[in-house]
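One structure is given here, and the rest of the page talks about it.
The values are calculated or read from the model by the stated rules, or taken from the named source; none is laboratory data. All of these numbers come straight from a predicted model, not from anything done at the bench. So basically every Cβ, Gly included, is an ideal-geometry build from the backbone, and we count neighbours across all protein chains shown. These area figures cover heavy atoms from the full protein model, side chains too; ligands, DNA and RNA do not enter into them. Shrake-Rupley method; radii C 1.70, N 1.55, O 1.52, S 1.80 Å.
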Amino acid sequence: MAGHRIFDTPFASIYPHYVTKVERKGRSVAELHEVITWLTGYDDEGIRRVIDDGVTMQGFFDEAPAFNTNAELITGVICGHRVEEIEDPLMQRIRYLDKLVDELARGKKMTSILRG
């Protein structure tokens, strides 16, 4: 999947879709940020900075302060693909985030989402 167009898409273009998805299902932006922080190490200020600076999805993950080593515990299907079988490391990280947001929107408990 090298060179996939999502890699060059600004995180700021994707983020509102995450917000809409979780809020529509009764979850909060704070919970979304908790999930993003767990996966990437970005705090609220860091998330705001990458949005304001127009950082691409590739840059978002390349610059992640502390990508969680437990991310490999994220398994399942998202967008028709098993996340644990995705070969491109960047695409896998993007799908990890998609999977966590999906779990949040589906109402899973935060301890389960954060693999705790």
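Do we have any residue at all in the stretch 81-95 that's more than 17 Å from L114 (Cβ to Cβ), of a type in the set (V, I, T) and surrounded by 12 or more Cβ atoms within 10 Å (Cβ to Cβ)? Among the residues of the stretch 81-95, at least one is more than 17 Å from L114 (Cβ to Cβ), of a type in the set (V, I, T) and surrounded by 12 or more Cβ atoms within 10 Å (Cβ to Cβ), which makes the answer yes. When I74, I51, I36 are screened for being in contact (Cβ under 8 Å) with a residue 24 or more places away in the chain and farther than 13 Å from F11 by Cβ, only I74 passes.
Take the residues in the stretch 16-49 that are part of a helix (DSSP H, G or I) and under 17 Å from T69 (Cα atoms), then tell me which one is most open to solvent (accessible area, probe 1.4 Å). Of everything passing the filter in the stretch 16-49, E34 is most open to solvent (accessible area, probe 1.4 Å). Here F60 meets the list (1) more than 19 Å from Y15 (Cα to Cα); (2) surrounded by 19 or more Cβ atoms within 10 Å (Cβ to Cβ) almost entirely, failing just condition (1). Just one residue in the set G76, G107 is open to solvent by 20 Å² or more (accessible area, probe 1.4 Å) and among the small types (G, A, S); that residue is G107.
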